Amino acid sequence: MDFKYTEEQIYIRDNARDFAQNEIAPSSVQRDIDATFPEEIVKKLGELGFMGMMVAPEWGGSGLDTISYTLAMEEISKVDASVGVIMSVNNSLVCFGIEKWGTDAQKEKYLKPLAIGEKLGAFCLSEPEAGSDATQQRTTAVLQGDHYILNGMKNWITNGTKADYYLLQAATDKSKGYKGITTFIVEKTYDGVEIGKKEDKLGIRSSDTCSIGLNNVKVPKENILGDLGIGFKIAMETLNGGRIGIASQALGIAQASLEASVKYSKERKAFDAPISNLQAIQFKLADMAVNTECARLLIYNAALKKDSGEKYAKEAAQAKLFASKIAVQNALEAIQVHGGYGYVREYLVERYLRDAKITEIYEGTSEIQKIVIARELLR
Ligand code: CAA
């Protein structure tokens, strides 16, 4: 086993770090306050190859491994977790799905522009009454000639108002339960796609989340992804990879909390010395560092399994469960280290806490990750 990064991985990490520090950091505080989507930043991420990192070069992607992706996700989320989730959904959920199950025609038409960042993607599984219990799809797709007619409502859609293309699950045969769910590629411009209002969120405020209504939306038969009835399987397998992305986003927040705490504790004086001299602070920093490193190793473990073609649902769930938990813990401890200053916007750590919480909820709550892990153990 080799714990060394390759030259390419270091190059990607450093590029992501420079971009995050120079291009994302300056506007991140204001975008959080105003809940403004980072249009220009996302465009540049596409130009740099960060929106289709693992997609093969023949389809416009960067052809990189999953470790490179986790490194970039960590660096970008360390500076701005909102940008992290925008990037993660496009890479792990949308590009991955089309590359794995799409026809060449779908890849040409949809994957290429998504991978180069010319277009943006969103993943539409959740509904008002189908969150953790994702098999309960109420959105229907009924065949009429050479089109399907889609009706229903999708909820909590990241990139929802900005995306051009949606990977969307709908019930094509309710009598078959989850085996009657199909994935469609839906274009935002199709008649009957109704974009709901942007959600006013606790954290990741500069990312874009909304509901999407489908009112007799006519989708051509050739926009079925994979095959009829395998939509739930596609969603689950896609989410396995997505969970590595979100775990890396959480890791970025955890690392940022640690670094902010180290810096502040060396600057802030109390009892005639920097507070970093106090064991009470040192113990917090040590715990934060160990937790962060454990999360990183769990993420790399899942990423390596994915790239070697092994099953990795359990490893991805473990990585997301742990990384999201320690992102929240580290952010809370960072606030404690900062004292009153940690509770106000003057320092970034209060945002870290607000941003961290969602990583325990989306792409499968922590409770769902435990179900996935336990089922694999008990198989
Ligand atoms: N990987 C691969 N296949 C999986 C899987 C996984 N992680 N989890 C379930 N499956 C498969 C099962 O093997 C089964 O297939 P077979 O019958 O062929 O064996 C099928 O899916 C049904 O599984 P279960 O019988 O286990 O179904 P269940 O209803 O008991 O449990 C669940 C399913 C694991 C709870 C699932 O519904 C789930 O993961 N829920 C969470 C949904 C989720 O993560 N939503 C996130 C929304 S997207 C989002 O947040 C994106 C964003 O915008 C940021």
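The values are calculated or read from the model by the stated rules, or taken from the named source; none is laboratory data. Keep in mind the model is a prediction, meaning the values are calculated, not measured. With ideal geometry, Cβ positions are generated from the backbone for all residues, glycine too; neighbour counts draw on all protein chains shown.
As a summary of the residue check, residue 345 satisfies the conditions (1) buried (at least 23 other Cβ atoms within 10 Å of the Cβ); (2) of a type outside the set (A, V, I, L, M, F, W, C); (3) modelled with pLDDT under 95 except for the one numbered (1). Where helices (runs of 4 or more DSSP H) fall entirely within segment 75-169, those with at least 1 residues that are within 12 Å of the ligand (Cβ to nearest atom) are at 81-88, 96-101.
For residue 183, the stated conditions hold: it is farther than 25 Å from residue 354 by Cβ, modelled with pLDDT of 95 or more, in a strand (DSSP E or B) and polar (S, T, N, Q). Just checking, does segment 62-73 include any residue being at positive phi, away from the ligand (no atom under 16 Å from the Cβ) and either outside any helix (DSSP H, G or I) or more than 11 Å from the chain's Cα centre (by Cα) (or both)? Yes - at least one qualifying residue is present in segment 62-73. Taking segment 345-379 as the range and being in a helix (DSSP H, G or I), within 13 Å of the ligand (Cβ to nearest atom) and farther than 16 Å from residue 204 by Cβ as the test, the residues that pass are 366, 367, 368, 369, 370, 371, 372, 373, 374, 375, 376, 378.
Conditions tested, residue by residue: (1) in contact with a Gly (Cβ under 7 Å, 6 or more places away or on another chain); (2) without any contact (Cβ under 8 Å) to a residue 60 or more places away in the chain; (3) among the hydrophobic types (A, V, I, L, M, F, W, C).
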site	(1), (2), (3)
116	yes, no, yes
121	no, yes, no
126	no, yes, no
134	no, no, yes
147	no, no, no
151	no, no, no
154	no, no, no
158	no, no, no
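When residues in segment 188-230 are screened for being closer than 30 Å to residue 348 by Cα and more than 16 Å from the ligand (Cβ to nearest atom), 2 of them pass.
Would it be correct to say that residue 284 is more than 16 Å from the ligand (Cβ to nearest atom) and not assigned by TED's automatic domain parsing to the domain that holds residue 184? For residue 284, the condition - more than 16 Å from the ligand (Cβ to nearest atom) and not assigned by TED's automatic domain parsing to the domain that holds residue 184 - is met. Condition check for residue 257 on (1) outside any helix (DSSP H, G or I); (2) away from the ligand (no atom under 15 Å from the Cβ): one failure, at (1).
Every residue, every condition in (1) touching a Pro at 6+ places or on another chain (Cβ under 6 Å); (2) under 18 Å from residue 306 (Cβ atoms); (3) aliphatic (A, V, I, L, M), yes or no:
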site: 43; (1), (2), (3): no, no, no
site: 47; (1), (2), (3): no, no, no
site: 56; (1), (2), (3): no, yes, yes
site: 61; (1), (2), (3): no, yes, no
site: 64; (1), (2), (3): no, yes, yes
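For the condition farther than 21 Å from residue 205 by Cα, at pLDDT below 95 and among the acidic types (Asp, Glu), residue 129 qualifies. Is there a residue being within 15 Å of the ligand (Cβ to nearest atom), modelled with pLDDT of 95 or more, aliphatic (A, V, I, L, M) and closer than 23 Å to residue 39 by Cα anywhere in segment 231-252? The answer is yes, given that some residue of segment 231-252 is within 15 Å of the ligand (Cβ to nearest atom), modelled with pLDDT of 95 or more, aliphatic (A, V, I, L, M) and closer than 23 Å to residue 39 by Cα. Residues that are surrounded by fewer than 14 Cβ atoms within 10 Å (Cβ to Cβ), within 16 Å of the ligand (Cβ to nearest atom), within 26 Å of the chain's Cα centre (by Cα) and modelled with pLDDT of 95 or more are absent from segment 313-321 altogether.
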